[in-house]
Structure formats: structure tokens, C-alpha cells
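> My structure is below; once you've seen it, I'll send some questions.
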Amino acid sequence: MTVEINSPNLQPHIISNTIPHLDGKATRRLLSPSGPAFAFVVPWIIVLLLHPIAPCQYISPGFSRFTALIMANIISALVIALTVNSYRPQRETSTRMPAISRKEKQCIAILTATYVICQIAQIIHFKGFPLMWLFTGDKRTYFDFGIKSVNGLLNAMYLLAVTGHVMAYMANRNKTRALTIGLLLLFPVFVLSRQLLISAFLQGTCAILLFRPRLLRRAMYVLVILFTVFIIMGNFRTGLGQLIKLSQPKEWVPERAYPLIWIYNYVVAPYNNVHKTIGDTEPLYYPYHEIQGLIPTAFRAGWQEEHSNMGALYQIAHPEVSTVNTFYWDLLNDFGVLYAFLFTATLQLAATIAYRSVRRAPSLTHTATYSVLYSILALSIFSNHLLYLPVSFQLAMIGLTSAYKMLRFSSPSYTQCVQT
């Protein structure tokens, strides 16, 4: 859009570049797989479509207040996406891959080395790891691995390191870097942590699709492989026979489809847990569960004892099948439906702003921040990863690093050095 102004000091094309306008291309890009709206909307639509199928006895099909809440946040995600990203200055477009500086590469290397050394120390301390325990007949499970709180910090370092290595590889194709990424992705398999594996996959995939959207087809192939690994890990952790006993598939489900029950339960059971019990009691109107999620595990027992009169109000419908209960569980327990809607919409807005920052000024910091928020939205069908320490620690580390850079570059000594 060009604005004609009769003034010798103003040029029309300069004014046209500074006036916000609707950009259809930007709107389409926002609704692409790397956009925040896609990250939230698509997983929840899949859940809402799969839930009525109800191949297991424990599933309770139907419409509830929780269904209405999900649909409201789907609409809010789309409205925020279209509003924030469609009406913007024309110059805010960039899809170039950000260069990784030497210091940033050193930081990634330090994160990786620290993580590997500490995990080796944990393996020595616990005399093995969950996958090994499984094959040697050890009665310990993946819950018994890792030093409390320390393991959460290490997992945050791991996820940041994976994201950093992916971006460094995309900027400069290096076989050593690709091998490092492959080896790092094996660790969640060793500790039988599906949550860590899917978080690493999502953050790395987000970083790739932001600047290489044509690689979406390859990402889908990897996702199929990931689901296969999920089935195998599920069999290792619980056993197919035990799962069938707990979930009780209906008569019309053929036995050859039983392995797919793993995927169905993993995706739909969290929603069903809240769908079946929402509205049974009043919320606490106190951020008990949200604060509890941010307290390191080593200190959480003290918090729970101090607030022993409070607890989970919405009881999990079928804890024998799944103890996971979506992004909304803690929010509903603490302040109810309206708060849960507003909290989720605020997170969607923050992710959209972070997405714009990547488009406007691509950098390792902006991309890492957005990839974390992207994974939180995409994994909202499982739990509130914003209150999951490996995720919140990532945001804290990124924030501290950014603050250090700002203080360093704005210091008088640095300014004087640049001027001289």
C-alpha cells in the first residue's frame, strides 16, 4: 500500500514500508508447521477427533466443560495468530538461517561436555541406567535414575544442547555435528524417557522448520519412527499384556491392533482424565499446584508437608492407565476454567511474539526461546511443560545469558573499548 503525500521531503515508497498492512504471505507462514498456532491447534484437534472412537472401556466419550475450554483456546490461538502476525510492517520478514558465532559454538560445546560428564557420573553412582536394568532383571525403574533436582537441570542442559547443535548443523553442514546429534538423541532411549525424547525432537524440529520448511516431509518420517520407538519403549516399561489388562480394549478392536493402544492411550488418556472429572469440585483459588511444579524435587516434600491441607481436587479418573493430565490440570485445580483459558491465551501470545522476534531478527537466543515455547504448546495435550523443570530451567538459562550480554555490552568499559 502506497500513501501519496505532497511533500518534497517525503518519498512515497519510504512511507509505504513503515505503515502496517495485512500480509497474506505472513499469515500463511504463521499457520505453517513452525508457527505457534499450528503447535497448539493440530495436537488438540487430533485428540478431540480420536477421543470419541473410544476403543477402550475406560474412555468416556461426550462433550464437557473441558471440551469447550479446549475449543475456546483453539479459537484464541488462531485469533492471536491472525491479529499479531498479519498486521505488521512490511520490513519484518526474514527466513535466513542465523550465523552461529564462535562463542556460541563454545557455549554449546560446554553445555554438551558438562551434560555428558555429569550423566556418566550418575550412571556410575546408580550402577547402570534404566534400559540396562530392564535387560539385567534389576527391579529399579526409570523413576529411580538421577539425582533429584540435579537431573532436571541436566535435562534442561541436554535440550538446549540438542537445539544448539541442530542450529549449528543447519548453518554449517558438518558430519561430526550430525553424529553428535544422533548420539545425544540415544540418551532418552537409555533412560526410557519418552518425555525427554519428544521434547528434544520438537525443539530440534522447530529450529529446522523455521528456516528450512521444505524439510517437513523428512520430519514426518522421523515422527513415524518416533512413534515406533514409543511403542517399543512402552512395551519395555510396562509390557503389552499389562497394558491390555488395564485399558480393556473393546470387543470390536482386533488383536493385531493392540500395539497401537499404546499410542492411543498416550495421546488421549490425559484428556480423558480431565474430561471425566472436571467440575466435580471448586478450585483452590491459590497457586498451590503451579508453585509446586516449579519447586525442585529435592525440596518439594517440605512444601507439600507445609500445605498438607491442600491437594489435587480433580482426581485422576484412571491412574492405572495414565497419571498424565494435560496442560490444564494444575490451572483448573488452582483457579478454575476462566483462569486456565486466560493463562493459555497469554502463553499463546508470548509464543507468537517470540515467533515474530525470530522472523525479525534471527539469532540463536531468539530461536532457542521460541523452540521451547513451541514445545510447550505442542505438548500441552500431555502436561504443563512450563512447570516442568527441564523446560523452565531452559528459559531461565536463556534469560540469564541474555541479561549477562546486555549488562556486558552496556557497561562503560565495553563502550570505551569499542569507541577506541
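The values are calculated or read from the model by the stated rules, or taken from the named source; none is laboratory data. Keep in mind the model is a prediction, meaning the values are calculated, not measured. Note that each Cβ is placed from the backbone with ideal geometry, even for glycine, and that neighbours are counted across all protein chains shown.
> So ILE261 passes all but one of these: (1) at pLDDT below 85; (2) touching a Pro at 6+ places or on another chain (Cβ under 7 Å); (3) within 23 Å of TYR388 (Cβ to Cβ). Which condition number does it fail?
So ILE261 meets the others, but not (3).
Yes or no, residue by residue, for (1) at pLDDT below 80; (2) buried (at least 18 other Cβ atoms within 10 Å of the Cβ):
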site	(1), (2)
PHE230	yes, no
TYR285	no, no
HIS289	no, yes
VAL324	yes, yes
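> Looking only at segment 324-357, count every residue that is in a loop (DSSP other than H, G, I, E, B) and under 14 Å from GLY293 (Cβ atoms) and tell me the total.
So the answer is 4.
> Can you pull out the residues in segment 111-151 that are surrounded by 13 or more Cβ atoms within 10 Å (Cβ to Cβ) and aromatic (Phe, Trp, Tyr)?
Within segment 111-151, TYR115, PHE126, PHE129, TRP133, TYR142, PHE145 qualify.
> Next question. Taking into account only those residues within segment 344-391 that are touching a strand residue (DSSP E or B) at 6+ places or on another chain (Cβ under 8 Å) and small (Gly, Ala, Ser), which is farthest from THR205 (Cα to Cα)?
SER383
> Still on this model: Out of (1) modelled with pLDDT under 85; (2) surrounded by 15 or more Cβ atoms within 10 Å (Cβ to Cβ), the odd one out for PHE299 is which?
Going through the list (1) modelled with pLDDT under 85; (2) surrounded by 15 or more Cβ atoms within 10 Å (Cβ to Cβ), PHE299 breaks only (2).
> Tell me yes or no: at least one residue of segment 170-180 is within 18 Å of the chain's Cα centre (by Cα) and of a type in the set (A, V, I, L, M, F, W, C).
No, segment 170-180 has no match at all.
> Would you check which residues across segment 182-195 are in a helix (DSSP H, G or I) and either surrounded by fewer than 20 Cβ atoms within 10 Å (Cβ to Cβ) or aromatic (Phe, Trp, Tyr) (or both) and list them?
GLY182, LEU183, PHE187, VAL189, PHE190, ARG194, GLN195
> Got a sec? Which of ALA109, ALA178 is closer than 20 Å to LEU226 by Cβ, assigned to a helix (DSSP H, G or I) and either without any contact (Cβ under 8 Å) to a residue 24 or more places away in the chain or polar (S, T, N, Q) (or both)?
Unique residue meeting the criteria: ALA178.
> Here's another thing I want to ask about it. Go through segment 330-386 and report how many residues are farther than 19 Å from PRO283 by Cβ, among the β-branched types (Val, Ile, Thr) and within 14 Å of the chain's Cα centre (by Cα).
Number of matching residues: 5.
> Looking at VAL253, VAL222, can you tell me which residue is assigned to a helix (DSSP H, G or I) and on the phi < 0 side of the Ramachandran plot?
VAL222
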